[in-house]
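No value in this document is a laboratory result; all are computed from the given coordinates. Computed from a predicted model, the values in this text were never measured in an experiment. Positions of Cβ are backbone-derived with ideal geometry, glycine not excepted, and every protein chain shown enters the neighbour counts.
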Amino acid sequence: MTHPIPAAACEGADVDPATLDALLGRVADYLRGKERALERQYERAIGARDGVVLFADADFWARTGAALAFTEVETTAVKRAHEATLLLAGDRADRLGEFETALDVRTAVVLGR
C-alpha cells in the first residue's frame, strides 16, 4: 500500500505513524480507479506532476471513513493528513491563505498518479 501523502503532513497525528501510514494506504487503494470521477465531481485546488489535490465537500471523509470502517479518530487523522498536504502545497505556491480559508467549508482529497 502506497499513498501520496508526504511525511511532513503526518506529523502530530492522533494515531501512531505506522497506523496512519496503513490507513492512508487503505484510503489510496479505496480511491484508486475513482480518480477521474472525483476530478469531475470536485474542484482542483492544485496539481503536480505526481498528483492532484481536490476540494471536496465537508462530509467526504465521514463517508469515506464509514465505507472503510475507520473509527472517528482514524478518520480524523486521515482527513488532517490530506488537509495538511494541501496546506504544505499552498505554502510552496504562495496560496496558503486561500487554502486555509477554503478548508473552513470544504476538505482536501489528495490523489496520487
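What to note about this one:
- Of the DSSP H helices in the chain, those with a Cα length along their own long axis of 18 Å or more and a mean Kyte-Doolittle hydropathy reaching -1.0 comprise 17-31, 72-92.
- Working note: 222 nm ellipticity from helices only, DSSP H runs with n ≥ 4, each -39,500 (n - 2.57), summed and divided by the residues of the chain, gives -16000 deg cm²/dmol to the nearest 500.
- Ratio of Rg to Rh for the stretch 56-113: 1.00 [Cα atoms; Kirkwood radius as inverse mean 1/r over pairs].
- Dipole magnitude (debye, nearest 20) for the chain, charges at Cβ of Lys, Arg, Asp, Glu: 560
- Diffusion coefficient, µm² s⁻¹, Stokes-Einstein with Kirkwood Rh over alpha-carbon pairs of the chain at 20 °C and 1.002 mPa s: 154
- Taken along its three principal axes, the alpha carbon spread of the stretch 8-49 comes to 34, 20, 19 Å, from the longest extent down to the shortest.
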